[in-house]
Amino acid sequence: MDTQRRPPVIDMTPDGEFREPAAPRAAGPLDRALARIGAAGMLVALVAGGLLLAGLAVLAISILLPVALVAGAIGAGSLWWRMRRARRDGTAPQPFVIIRR
């Protein structure tokens with residue numbers, strides 16, 4: 001239970017008399033049914049939100065993966081073409097290790 005006490009509510013009539021606090025109303029069957037339906041609705045909303053986020057992640061990956069593959073292919077093709085031209089012109093970089101027999 002709550003370890004902190006709530007301050008008392010003082011209710012006063014216009015004549016200056018104090019009223020006794022009213023007892024809380026007991027929850028009826030309709031209140032209990034609505035509470036369960038509301039809890040189930042919140043659970044369904046949370047599950048649907050999780051599925052929505054998972055779907056958005058899959059959508060983002062499905063859009064970005066082809067873009068990354070095409071960009072990588074263009075970059076690799078560019079490097080291949082530049083190395084081919086450099087070898088043909090004789091300006092290709094020399095290897096670090098030269099093996100001589």
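Placing +1 on the Cβ of every Lys and Arg and -1 on the Cβ of every Asp and Glu, with nothing else charged, gives the stretch 1-59 a dipole about its Cα centre of roughly 340 debye. Between Ala45 and Ser78, what FRET efficiency comes out of the Förster formula 1/(1 + (r/R0)^6) with R0 = 41 Å and r the beta carbon distance, rounded to 0.05? Working from the Cβ atoms, E equals 0.25.
Please compute the length gained on full extension between Leu34 and Arg5, using 0.36 nm multiplied by the number of residues separating them and subtracting their Cα-Cα distance.
Values: separation 29, 0.36 × 29 = 10.44 nm, distance 2.92 nm.
That works out to 7.5 nm of additional length.
Remark on the stretch 46-101: Rg and Dmax equal 22.2, 72 Å (Cα only). The angle separating the long axis of helix 29-89 from the principal Cα axis of greatest extent in the chain is about 10 degrees.
Against the globular-protein guess of 2.2 N^0.38 Å, express the Cα radius of gyration of the chain as a ratio, rounded to two decimals.
Relative to the rule-of-thumb radius for its length, the chain sits at 2.93.
When the chain is treated as a GNM with alpha-carbon contacts under 10 Å, the residue of Arg85, Arg32, Arg19 showing the greatest mean-square fluctuation is Arg19. In sequence order, the stretch 7-14 has phi-based couplings of x, x, 9, 9, 10, 10, 7, x Hz under the Karplus curve 6.51 cos²θ - 1.76 cosθ + 1.60, θ = phi - 60°, and Gly or Pro positions carry x. Projecting the Cα atoms of Val67, Ala54, Ala23 onto the dipole axis of the chain, where Lys and Arg carry +1 and Asp and Glu carry -1 at the beta carbon, places Val67 farthest toward the positive end.
We did not get these values from a lab; they are worked out from the coordinates using the rules stated. These numbers were taken from a predicted model, which means no experiment stands behind them. Because the Cβ atoms are built from the backbone with ideal geometry, glycine has one as well, and the counts that use them run over all protein chains shown.
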